[in-house]
Each structure stands twice: as structure tokens, then as C-alpha cells.
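The values are calculated or read from the model by the stated rules, or taken from the named source; none is laboratory data. As the structure is a prediction and not an experimental result, all values here were calculated from the model. Here the Cβ positions follow ideal geometry from the backbone for every residue, glycine too, while neighbour counts run over all protein chains shown. In case anyone asks, the SASA skips ligands and DNA or RNA and just uses the protein heavy atoms, side chains included. Shrake-Rupley method; radii C 1.70, N 1.55, O 1.52, S 1.80 Å.
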Amino acid sequence: MDMQRFMWTREPLDCHISEDKVEITTRSKTDLWQRTYYHFQNDNAPVLQMETEERYFSFVVKTNFAKSHHRFDQCGIVMYLDSENWLKASVEYENEEFQHLGSVVTNNGYSDWATTEIDASVKSMWYRLSRREDDYCIECSEDGIRFKQMRICHMQKGTGKIRFGIYACSPEESSFKAVFSDMQLTECKWKAHDGQQPD
């Protein structure tokens, strides 16, 4: 990946960017969420992204969150278009027993959260974001080889030029170092559906 193509939407407390690794130290009380259930709007997480008009691609990144230690500490993959239209996938720290592997899709100012519990011993996760025009697939992997589908979604503003990349944040009184590596931009790994034909 050419890291010079990446730009910040809000910078973190501290960061280090090299050819093969990005380290982000989060600020406390930073997050991304819009309205649903909690009725608050959080839009201050640091986001590092690149732009593309390519309609078919996959973006892969490995995250390491061994330093996360406080409730909701998180880091992962993101496609942030504007404050009310974005998606993300991450592992959120919960406690010493379990954490939440999940994804959030936000369209027109309302977020949803799809999540499952995983053991707290997991300290790294791979993600793959794939685009097929204005539809998207988010996958995860513990080894970077076998990816499992987390969700398929439609982004109402996800046509034409988009921005995608990585993020890290600490919604409560916390700060931790998130490490991102093995970033790749490839042909779309999310193949066309081979079942029922489009209407």
C-alpha cells in the first residue's frame, strides 16, 4: 500500500506511519455512532483513509489490539463517507473474559450494530472490505487466510468516489495503542452471486 495516498479525518493522540505498519494511540472519549437506541451522536474518532472510484476491489488489513484494556476500546476497518454515512468493523474490549466482534452500518444518520462475543484472549484480527458497486461485504479472519462473512450491506451514498481505511478509538476514559499491518488492495474477492439472477 502507498501510505501517501491516505489522509486523516481527525488525527489521533499520537501515530506512527511506515511502509508496512501504522500505529495509532487513541484519545479518550472518541467514537463513531449515530442516534439508534442510545440517542446520542458521536463523530470524533480518528480515521485514516484513501479515496477511490474503483467499483470492484477488496481491502485487507491486520489489526493488533493487545494494548486495549478498557470498555469499548476498539480498532478496525472503516469506510467513512461523512458523519451520517459510514461503516466499520472491529473488536471492542468488554472485560477480561470476553469482547465484541462486530460491525456497524450507518445510513442517513442511523447506526446499527451486529455483534458476537469472542474470547478476551484474542488480540489480533484480520478484516477484508469488498466493494461491488454500491454494495459491500465485510469479512474477518484470525489467520489472514480463511475469511468469514460478517455482513453484506448497501450504502446509500456508497456510489462513485468513496473513502476507506482504518480507525481506532476509546469511547470512555481510556487510551491505547492500535497496530495495523499487512494492508493490501486487491481485485474483488467477493465474487458475483451464482444463484438467483437479478430482477
Please give the number of the condition Gly144 fails out of (1) assigned to a loop (DSSP other than H, G, I, E, B); (2) within 27 Å of Glu11 (Cα to Cα). (2)
Does Gly109 meet the test of being on the phi > 0 side of the Ramachandran plot and either surrounded by fewer than 16 Cβ atoms within 10 Å (Cβ to Cβ) or of a type outside the set (D, E, K, R) (or both)? yes
Can you tell me how many residues in region 160-199 are more than 26 Å from Glu11 (Cα to Cα), open to solvent by 30 Å² or more (accessible area, probe 1.4 Å) and in contact (Cβ under 8 Å) with a residue 24 or more places away in the chain? 5
Check whether at least one residue in region 35-51 is part of a strand (DSSP E or B) and either in contact with a helix residue (DSSP H, G or I) (Cβ under 8 Å, 6 or more places away or on another chain) or more than 24 Å from Trp113 (Cα to Cα) (or both), and report yes or no. yes
If you take the residues of region 82-121 that are out of contact with any Phe, Trp or Tyr (no Cβ under 9 Å at 6 or more places or on another chain) and of a type in the set (A, V, I, L, M), which of them is farthest from Phe59 (Cα to Cα)? Ala114
The residue that is least open to solvent (accessible area, probe 1.4 Å), considering only those in region 70-94 that are assigned to a loop (DSSP other than H, G, I, E, B) and closer than 18 Å to Val179 by Cβ, is Asp73
For Ser121, state whether it is among the polar types (S, T, N, Q) and buried (at least 16 other Cβ atoms within 10 Å of the Cβ). no
